[in-house]
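What follows is a short report on a single structure.
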Amino acid sequence: MKIEGLDELIKKLKKAANGGLKEQMALWLEGMGMEFLDIVQDEITRTKTVDTRLLLNSFKRGDSANIFELKSGGLSLHVGTNLDYASYANDGHFTIDPSKNQDRRWVPGRWKGDRFEYDPSADTGMLLKFQWVDGTGYWDNALAIFEKMFTKSLEKKVQQWLDTF
């Protein structure tokens, strides 16, 4: 049995393997990671998740709380944040840990306008009552948006790589 064009396809695949396809894939994946960070930041802003910049900045590559790791020669990407409260802001949380059997908790600090600044040595503060705080779903929203974009971009890129290599 003879398959027309098989020898040519094998040649092209060998050329692609040695001709920089892996590097092109790694660059594209890195770009997709940067795009995802932008989408997460947009969703944090759109959903008014926080009024400080810590969470927003933690989704900027190079920030001390940011996770942006390319592995396996650039073909595996891990993106996220190291901030403990990021998941609480997304998923929701109780103001007090229910396992501590408390219905309120004193938090030392001071109010500056409509913002509260935590200060463990302050004589003033605020009393938190046990309640549920809804999450904004910023991460879930960003992931849903990105998945649609990623699929379209990957299809386009695979065709481009096939045409090139």
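Numbers for the structure displayed
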{"quantity": "Whichever residue in the stretch 81-92 is crowded, with 16+ Cβ neighbours inside 10 Å and not aliphatic (A, V, I, L, M) and, among such residues, is farthest from E43 (Cα to Cα)", "calculated": "T81"}
{"quantity": "Qualifying residues in the stretch 1-34 (those that are at pLDDT 80 or above and among the charged types (D, E, K, R)) - the one surrounded by the most Cβ atoms within 10 Å (Cβ to Cβ)", "calculated": "E30"}
{"quantity": "Candidate set from the stretch 35-56 (those that are of a type in the set (D, E, K, R) and not in a helix (DSSP H, G or I)); member that is modelled with the lowest pLDDT", "calculated": "D51"}
{"quantity": "Enumeration of residues in the stretch 54-77 that are touching a residue at least 24 places away in the same chain (Cβ under 8 Å), of a type in the set (A, V, I, L, M), farther than 11 Å from E30 by Cα and crowded, with 16+ Cβ neighbours inside 10 Å", "calculated": "L55"}
{"quantity": "Residue in the stretch 81-97 that is modelled with the highest pLDDT, counting only those that are part of a strand (DSSP E or B) and either touching a Cys at 6+ places or on another chain (Cβ under 6 Å) or over 30 Å from E23 (Cβ atoms) (or both)", "calculated": "G92"}
{"quantity": "Scope the stretch 129-139; condition modelled with pLDDT under 95 and not in a loop (DSSP other than H, G, I, E, B); matching residues", "calculated": "K129, W132, V133, D134"}
{"quantity": "Unmet requirement for I44, which otherwise passes all of (1) of a type in the set (A, V, I, L, M); (2) surrounded by fewer than 13 Cβ atoms within 10 Å (Cβ to Cβ); (3) over 23 Å from W28 (Cβ atoms); (4) in contact (Cβ under 8 Å) with a residue 24 or more places away in the chain", "calculated": "(2)"}
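Results for (1) in a strand (DSSP E or B); (2) touching an Asp or Glu at 6+ places or on another chain (Cβ under 9 Å); (3) surrounded by 11 or more Cβ atoms within 10 Å (Cβ to Cβ); (4) modelled with pLDDT under 85, shown as yes or no for each residue.
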{"position": "V79", "(1), (2), (3), (4)": "yes, yes, yes, no"}
{"position": "S99", "(1), (2), (3), (4)": "no, no, no, yes"}
{"position": "P108", "(1), (2), (3), (4)": "yes, yes, yes, no"}
{"position": "F116", "(1), (2), (3), (4)": "yes, no, yes, no"}
{"position": "L127", "(1), (2), (3), (4)": "yes, no, no, no"}
{"position": "N141", "(1), (2), (3), (4)": "no, yes, yes, no"}
{"position": "F150", "(1), (2), (3), (4)": "no, yes, yes, no"}
{"position": "Q159", "(1), (2), (3), (4)": "no, no, no, yes"}
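The values are calculated or read from the model by the stated rules, or taken from the named source; none is laboratory data. Keep in mind it's a predicted model, so treat the numbers as computed, not measured. Don't worry about glycine lacking a Cβ; one is built from the backbone with ideal geometry, like all the others, and counts go over all protein chains shown.
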